[in-house]
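Take a look at the structure set out below.
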Amino acid sequence: MYDERFLLHDTGPYHPEHPERLKAILKGIQDAGLLSDLTVFPAVSPEMKWIEAVHTKEYIQRFKEKCLAGEPILDDPDNKMCKDTYNTALLAVGGVIDAVRRVMENELDNAFCAVRPPGHHAEADKAMGFCYFGNVAIAAKYLLQKWHLSQILIIDFDAHHGNGTQHIFESDPSVIYYSIHQHPSFAYPGTGREFEVGTGKGTGSVKNSTSLPGNSDDDWKHLVERDLLPIFDKFNPEFILVSTGFDAHIDDQMSNVKISTEWYTWMIKLIMELASKHTDGKLVSVLEGGYVLKRLPELAKNHVEVLLNHSCHRRKKCLSQKQ
Ligand SMILES: [Zn+2]
C-alpha cells in the first residue's frame, strides 16, 4: 500500500522524517523488479469511528483545528505540521485499515504499507515522536471490532519503544504487544522496560526486549528467540501486525544499536514463518522509523521479497513458476 499523497506531509528541510524516505523505499522495490509481482494500491479515507476507537475526540479535533489553522507544531517540537498533515495522517490510517481488510477478505496474502506519518509513538490524546495517529493500534481495534478476532499480535522492531501502542492496549488481553528496542535509559521515548508487562486483565500481554547501545545482530537474535518465540506457546494470535522500523540499522543515527541489513531479513523471515504456522500467513507490516536514504532501498526490497515469497507458499504458486 502506497500513496503519493503521503509525500504531502511536509516537515520542513531539517526533519529526519521527510518524504524522501518513501521515495527511497519505493525505488528499492521498483529497481529490484518486484512491482510486477505486487498488488500496489492507494490509501483510502478511513471511517472516523476506527480512529475514535483509539484516540480521544478532543485530540482528533485539536489536531484537525491546529493543522488547518496553519500551526507549525502539534504537542511536541518533534511533530512538525503543514496544512496537509491532518489529511495525510487520516490517509495513512485508512490505507492500513484497507490493507488489513484485503488480507481478511483473502484478496491479498499479506501486505506492506509504506506510510507517512508513522504511528507507534502516538498516544490516545497526544502526538509524539513524529507520530499523530496510531496506524497499527487502530488496525488492531478494527480487527477486534469489525472482524471479531479475539487475539492479535503486534510485533514492533523499530529501534524505539512503541509507547503509544503499548499504552493503548496494556490492559487489554486480546492484543499482545511485543517490542524490541534500545534500552530506555539511553533512548527515546524512555518507556518499554522489561518490567512493563501489561496491567489489570492485560497483565502478561506486553513483552519488552531491551537492548543496550552497541548491541548487534547476535544480541538481537538472542533477545527475539528468548522473548518473542515463547509468546506463541502461550497465545494463539489470529493476525500479526508488524511495526516495521529500520532505524536500528548500524548506519542510522537515530539509535546507537548496530543492526545489519541481514538481521532485518532474518527477522521478517522468522515472523513470516511464525505467521504461516499460526495465522495462516495473515500479516500486515506497517512502516514506522528508518531514516538512512542509502539503506532504505535494500531494507525495503528485502522485506517485501520475504513477504512475496511467503505469499507464493500460501497461494501455491512461486515466482520461479512464473518465469
Ligand atoms: Zn524509531
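The values are calculated or read from the model by the stated rules, or taken from the named source; none is laboratory data. Source: prediction; values computed, not measured. Here the Cβ positions follow ideal geometry from the backbone for every residue, glycine too, while neighbour counts run over all protein chains shown.
Here are the numbers:
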item: Pairs, first more than 16 Å from E288 (Cα to Cα) and modelled with pLDDT of 95 or more in the stretch 1-21, second of a type in the set (A, V, I, L, M, F, W, C) and not in a loop (DSSP other than H, G, I, E, B), C-beta under 6 Å, six or more apart; result: R5/L91
item: Residue in the stretch 250-257 that is modelled with pLDDT of 95 or more, in a helix (DSSP H, G or I) and either more than 19 Å from the chain's Cα centre (by Cα) or not hydroxyl-bearing (S, T, Y) (or both) present; result: no
item: From G214, G204, residue being at pLDDT 95 or above, surrounded by fewer than 22 Cβ atoms within 10 Å (Cβ to Cβ) and assigned to a loop (DSSP other than H, G, I, E, B); result: G204
item: Verdict on E58 being without any contact (Cβ under 8 Å) to a residue 12 or more places away in the chain and acidic (D, E); result: no
item: Some residue of the stretch 248-262 being among the acidic types (D, E), farther than 23 Å from I231 by Cβ and within 15 Å of the ligand (Cβ to nearest atom); result: yes
item: Unmet criterion (only one of (1) touching a residue at least 12 places away in the same chain (Cβ under 8 Å); (2) aromatic (F, W, Y); (3) more than 27 Å from L22 (Cα to Cα); (4) part of a loop (DSSP other than H, G, I, E, B)) for F232; result: (4)
item: Residue within the stretch 287-298 that is of a type outside the set (D, E, K, R), touching a residue at least 40 places away in the same chain (Cβ under 8 Å), surrounded by 23 or more Cβ atoms within 10 Å (Cβ to Cβ) and assigned to a helix (DSSP H, G or I) present; result: yes
item: Test: T191 is within 16 Å of the ligand (Cβ to nearest atom) and more than 17 Å from the chain's Cα centre (by Cα); result: yes
item: Lone unmet requirement of (1) part of a loop (DSSP other than H, G, I, E, B); (2) farther than 19 Å from T210 by Cβ; (3) touching a residue at least 40 places away in the same chain (Cβ under 8 Å) for H148; result: (3)
item: Candidate set: the stretch 53-70, residues that are of a type in the set (D, E, K, R) and loosely packed, with under 14 Cβ neighbours inside 10 Å; chosen: the one nearest to N87 (Cα to Cα); result: E65
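Quick grid of which residues meet (1) among the charged types (D, E, K, R); (2) farther than 18 Å from T88 by Cβ:
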residue: P118; (1), (2): no, no
residue: A122; (1), (2): no, no
residue: H148; (1), (2): no, yes
residue: D158; (1), (2): yes, yes
residue: H161; (1), (2): no, yes
residue: E170; (1), (2): yes, yes
residue: H183; (1), (2): no, yes
residue: Y188; (1), (2): no, yes
